[in-house]
Amino acid sequence: TYRQKVLKAVYPAFMWFTKLTGKNAQELSGVKEPPVSFYLLKDILNNGDTLDFASLKGKKVLLVNTASNCGYTNQYDDLQKLSEDYKDKLVILGFPANDFKEQEKGTDKEIAEFCKLNFGITFPLMQKSIVIKSPQQNPIFQWLTKAAKNGWNDKAPTWNFSKYLVNEKGILTNYFDPSVSPLNDVVKKAIE
């Protein structure tokens, strides 16, 4: 769409401005054994298949809430590059959500087509869901945003493209705000 073209064009300036102002640029880290195992979780992929998180054992997992009409949407490019660069040790999971100013209105099929066509996305996308704290919050994000489940973090997504990193043992180790690019050295260091 026209809006998506404009967002793509202004993305570098947008990231520069948010870095300059420190908006949505928080990074959190912690390592504590989760009271509820990450590997007990399951979710539905956008094609309707179930993803059992037990199948992710031995790999790091970066979980990102995404949207197609956001100033951060170009991070899909960075996420795809990260996925390719660390394909042997990292799985990226995209969680499309329409929680912030109606920036993800498409169906699961439309979202998948948009991501494939515009960004060449090959990493898994989940079914569109709610990621902010609410009674309808996606169970994966309930785990990511409740210390009573993950061991230490209560931070919910501040906007689209918030990122949570889980290590090879199923322990949540990092949270990165949307203004922290997936290709930022702090993200790469946490993966390595």
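Data for the structure
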| quantity | calculated |
| --- | --- |
| Fraction of accessible area attributable to carbon and sulfur, the chain (%, probe 1.4 Å) | 54 |
| Modelled FRET efficiency - R0 35 Å, Lys169 with Tyr2, Cβ distances, 0.05 increments | 0.15 |
| Total charge dipole magnitude, the stretch 68-160, about the Cα centre, Cβ charges on Lys, Arg, Asp, Glu only, Debye to nearest 20 | 340 |
| R0 of 35 Å, Cβ-Cβ distance Glu192-Thr50: FRET efficiency to nearest 0.05 | 0.70 |
| Residues of the stretch 143-181 with amide N under 20 Å of the 7 Å Cα→Cβ point at Asp88 | 167-169 |
| Extended-chain gain in nm, criterion 0.36 nm per residue less alpha-carbon gap, Tyr39 and Lys59 | 6.0 nm |
| Residue-count net charge about Leu125 - beta-carbon cut-off 14 Å; Lys, Arg +1, Asp, Glu -1 | -3 |
| Nearest-20 debye value, the stretch 1-62 charge dipole, Cβ charges on Lys, Arg, Asp, Glu | 360 |
| Flagged links, alpha-carbon separation over 28 Å, of Lys42/Lys105; Lys101/Lys155; Lys59/Lys146; Lys105/Lys133; Lys5/Lys149; Lys59/Lys155 | Lys5/Lys149 |
| Solvent-accessible area per residue for the chain (1.4 angstrom probe, square angstrom) | 48 |
| GluC sites (Glu not before Pro) restricted to DSSP loop in the stretch 65-171 with at most 15 other C-beta within 10 Å | Glu102, Glu168 |
| Alpha-carbon centroid distance for the pair the stretch 138-192 / the stretch 65-80, whole angstrom | 16 |
| Lys/Arg +1, Asp/Glu -1 at C-beta; the stretch 1-143 dipole; positive extreme among Leu125, Tyr72, Gly94 | Tyr72 |
| Net charge contributed by nearby residues that have their C-beta within less than 15 Å of Asn153 (K/R +1, D/E -1) | +2 |
| Simple Cβ-charge dipole of the chain, Lys/Arg +1 and Asp/Glu -1, about Cα centre, in debye nearest 20 | 240 |
| Thr173 long-range amide H proximity, modeled H, under 5 Å | Leu165, Val166, Asn167 |
| Summed side-chain charge close to Phe38 - residues other than Phe38 whose Cβ falls under 15 Å, Lys, Arg +1, Asp, Glu -1 | +4 |
| With Cα atoms, 0 to 90° folded angle of helix 75-85 axis to the chain main axis | 50 |
| Angle in degrees between helix 2-21 and the longest Cα principal axis of the chain, rounded to the nearest 10 | 60 |
| Val10 versus Ser134: modelled label distance in nm, points set 7 Å from Cα along the beta carbon direction | 2.6 |
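The values are calculated or read from the model by the stated rules, or taken from the named source; none is laboratory data. The structure presented is a predicted model; accordingly, all values stated were derived computationally and were not measured. Glycine also receives a Cβ, built like all others from the backbone with ideal geometry; neighbour counts cover every protein chain displayed. These area figures cover heavy atoms from the full protein model, side chains too; ligands, DNA and RNA do not enter into them. Shrake-Rupley method; radii C 1.70, N 1.55, O 1.52, S 1.80 Å.
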